[in-house]
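Before any comments, here is the structure.
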Amino acid sequence: MATLFAAAVLPGCGPDVHSSSVRGVGYVRLDEVVKHHPLYPQLAQLDDAIAAINLAASGPHVPLSAGQMQAQIKELNANLAAAQERANKIIAEKETRYAKLEAAAVAAALSAAGVSGAGQYAATQTSAESAQQAQAAAQAANQDFMSYQQSVIAQDNAAAAGIARQLQTQAAQKFRAKEEELQQNETDLSLRLTQQDATQRLAIKTRLSNLALDDATRSQLTQQLADLNAKEEKAISSQRNADQATLSAYQAQLNKETSAAIAAQTGSIGAQTRAKIEERHDEVSQQIRSLGPAPLPANLPPGVQAKIAAIHKRYQAQFQADAQGTVADYQATKADLDKQFEALHGADVGATGAAAKELDALQKRRADLYKQIGDQIKSETNRIAKDQGFTTVFVDITAAAGGYDMTNELIKDVESLHE
Amino acid sequence: MRIRHVSTIIATALLAFSFSPLAIAADAVDVGYLDQAELANLPQFVSANRELAGYKAQLDSQFASEMKGAATDADKQRIQLDFQQRLSDKQREVVGPLFTRAQLAVQQVSAAHNLSIVVDKRVVIYGGIDITKDVESLFLSSQAINPPVASPPPADIGFVDQTVLDSLPKVKAANDEMAQFAATQKQIFAPQMAAAGKDAAKQQQIYAQFQKTVNDKENELLKPLVDATKTATADVAKKKNLILVIDRADVLSGGMDITTDVQSELSK
């Protein structure tokens with residue numbers, strides 16, 4: 001009895017889990033424990049790599065030359081076209097596969113219902129043929145829309161590139177004009193200085209041409225002439241340095257203005273393009289919606305008709321679910337290419353292209369690793385909490401007025417995983 | 001005789017224990033949790049979220065084009081607010097009814113289990129009562145769900161609304177200054193990162209420098225405020241005999257809201 005009493009009341013080495021301030025509740029400062037996990041250095045490395053890509057992608061973009069822009073736009077358009085073609089091909093294959101499956105299911109349903117001789121006909125009419133016709137028409141409408149979209153985007157890009165080229169040419173002209181203006185100023189200064197010192201220079205030279213001049217005087221006059229030259233050169237050099245600084249600042253200002261002007265103009269072109277595409281998209285959607293399956297033969301009993309309709313609905317749903325992944329892939333590729341288009345026009349859109357792919361892969365690896373670490377910490381927490389009789393253990397708390405902080409115990413535990 | 005002696009010791013010890021500040025109290029066994037991620041995977045939520053995502057994608061392109069046409073910062077702010085409003089309206093329309101039903105289901109199940117608080121699964125690492133399946137069944141049933149008649153039992157766990165605390169003038173000013181500082185540092189360091197090209201060592205060095213600059217500023221600007229908020233929250237929690245305080249975002253039902261008290265404590 002005494003032993004029982006001691007076990008029940010004496011706190012021993014562990015925490016007093018059932019005291020009024022703890023009441024069976026523990027908490028863990030998870031971030032701290034994670035930092036002591038043997039896999040933390042790898043996690044930190046991934047975090048740094050992710051943050052570094054984000055940092056590199058967040059910088060201001062230097063405007064490209066018209067030629068560079070044209071080349072990149074061409075490449076992006078080719079990538080977009082390839083993604084569209086790939087998605088269309090996969091969706092068309094899926095459509096055909098589901099149409100065949102549906103046709104077989106309808107044929108089986110008709111035959112099971114004992115519709116004599118109607119199996120082949122119904123299957124062909126309700127599924128294979130009419131569905132294929134509708135699919136072909138929908139595909140054609142989609143293809144037509146995509147071609148339209150592509151041509152409008154190509155026009156947009158050509159117009160944007162043209163504007164960029166024009167603005168860059170204007171900027172280059174302004175820069176050249178400024179350069180010439182400063183060059184002229186320098187020439188004027190040089191001339192002014194020469195004229196200013198001309199009398200003095202002539203006098204020195206005249207005296208120097210006197211053969212009877214003593215060495216000391218000759219040396220003094222030579223020095224005076226050298227000083228005059230040095231003074232002029234210094235004034236010109238100082239002017240040249242100031243002009244160089246003015247030119248650099250002017251170049252930076254022109255770049256900034258050009259980028260802003262390109263972004264504004266291409267933004268407005270982009271808005272018009274999107275409006276045109278949306279309008280056509282609405283038209284095509286309307287057109288596709290009107291392409292329903294061919295009507296079922298009138299002589300079929302209502303029960304069979306309902307069954308065939310249910311089959312159609314089921315395969316339609318299966319096809320849509322299956323196609324969803326392909327559409328999502330295409331949308332992701334398109335979204336990334338759109339971002340690259342925007343980045344070309346000077347917008348800050350974060351990581352794109354190869355950097356975005358790398359970022360995505362790193363984030364997945366990070367999530368997997370963090371889960372692995374988290375699972376291990378959870379399992380250790382469960383063991384300790386169970387041993388010590390806690391009822392609930394929280395993580396990510398805002399503040400503690402009581403409860404038992406299990407963090408240090410867990411840190412020791414996860415650190416022992418090193419050994 | 002010996003037995004009586006032991007009993008007396010026990011009685012004295014228990015009596016003494018019951019008056020000491022560390023008296024044995026009832027353990028908090030009325031904490032429930034819900035796996036919100038699992039609930040979000042129910043077909044109703046998936047389809048509502050898909051609809052919302054489609055609407056958002058449509059809004060995003062309109063937003064981008066309107067922002068490009070904005071001449072002043074005031075215009076940009078107006079456009080931003082307008083689009084936020086449109087998205088919230090749509091969210092209310094599409095997800096609102098589902099959310100209300102889920103909320104009622106949580107309250108009903110919580111009342112049935114006599115829980116004082118229900119939190120998101122993410123914040124419970126051990127113990128607690130998982131009510132996810134019960135909530136799902138009730139949510140998916142065709143029956144109407146009414147709010148429970150009785151209010152939840154008194155809670156040992158409190159919560160604060162972090163968004164309210166973040167909007168306190170001094171906290172907001174510090175957060176704004178920090179955001180501005182981080183944005184400026186990005187402008188400075190990003191071109192250096194780009195210039196480092198594929199030189200990983202150089203990139204790492206630049207990034208470490210950037211990180212240190214931002215961390216130092218965070219420690220200078222935000223850490224004192226975070227510490228003060230933590231202390232104020234713990235003080236209020238102690239006065240209210242709460243064990244722990246969590247963020248409101250993790251609480252689905254019940255618990256004790258101490259946001260106003262913490263606000264007052266911080267304003268002293």
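Every read-out reported here was derived from the displayed coordinates using simple, explicitly stated rules and does not represent laboratory data. What you see is a predicted model; the values in this text were computed from it and never measured. Methodologically, a virtual Cβ is constructed for each residue, glycine included, from the backbone with ideal geometry; neighbour enumeration extends over all protein chains shown.
Observations, loosely collected:
- Counts of other chain beta carbons within 10 angstrom of each beta carbon in peptide A:77-88 average 0.
- Across the range B:28-153, C-alpha contacts under 8 Å between residues 6 or more apart give a mean separation that, scaled by the residue count, equals a relative contact order of 46 percent.
- Sites A:Asp227 and B:Gln205 - FRET efficiency at Förster radius 45 Å, r taken between beta-carbons, to 0.05: 0.35
- Local electrostatic count, B:Ser88, Cβ distance below 14 Å [Lys/Arg +1, Asp/Glu -1]: +1
- If you plug the beta carbon distance of A:Asp329 and A:Thr194 into 1/(1 + (r/R0)^6) with R0 = 56 Å, you get a FRET efficiency near 0.15.
- Violating pairs (Cα-Cα greater than 24 angstrom) within the set A:Lys386/B:Lys121; B:Lys186/B:Lys217; B:Lys121/B:Lys268: B:Lys121/B:Lys268
- Excluding same-chain neighbours fewer than eight residues apart, the lysines reachable from B:Lys56 by a Cα-Cα span under 21 Å are A:Lys276, A:Lys334, A:Lys339, B:Lys68, B:Lys76, B:Lys90.
- Most tightly packed first, judged by the mean number of other beta-carbon atoms within 10 Å of their residues, the peptides B:155-161, B:238-244 read B:155-161, B:238-244.
- Legend: mean number of C-beta atoms from other chains within 10 angstrom of residue C-beta atoms, peptide A:49-57, equals 6.
- Reachable lysines from A:Lys205, criterion Cα separation under 26 angstrom, eight or more residues apart if same chain: A:Lys231, A:Lys234
- Relative contact order %, chain B, counting alpha carbon pairs below 8 Å whose residues are six or more apart: 25
- Dipole in debye (nearest 20) - chain B, about Cα centre, beta carbon charges: Lys, Arg +1; Asp, Glu -1: 420
- Sorting the Cα pairs of chain B by distance into bins of 10 Å, from 0 upward, gives 6, 17, 21, 26, 18, 8, 3, 2, 1, 0 percent per bin.
- Listed by chain and number, the aspartates and glutamates placed with their C-alpha closer than 18 angstrom to that of A:Lys74 are A:Glu85, A:Asp156, A:Asp336, A:Asp338, A:Glu342; residues fewer than eight positions away on the same chain are left out.
- Sorted on the mean count of surrounding Cβ atoms within 10 Å across their residues, most packed first, peptides A:142-152, A:372-382, A:200-210 read A:372-382, A:142-152, A:200-210.
- Among A:403-409, A:106-112, the order from most to least packed when residues are scored by Cβ within 10 Å on average: A:403-409, A:106-112
- Partner chain coverage, peptide A:383-392 - average Cβ within 10 angstrom: 4
- Relative intensity, log₁₀ I(q)/I(0), of the range B:28-153 from a Debye sum that treats every alpha carbon as a point, q = 0.10, 0.15, 0.18 Å⁻¹: -0.47, -0.79, -0.94
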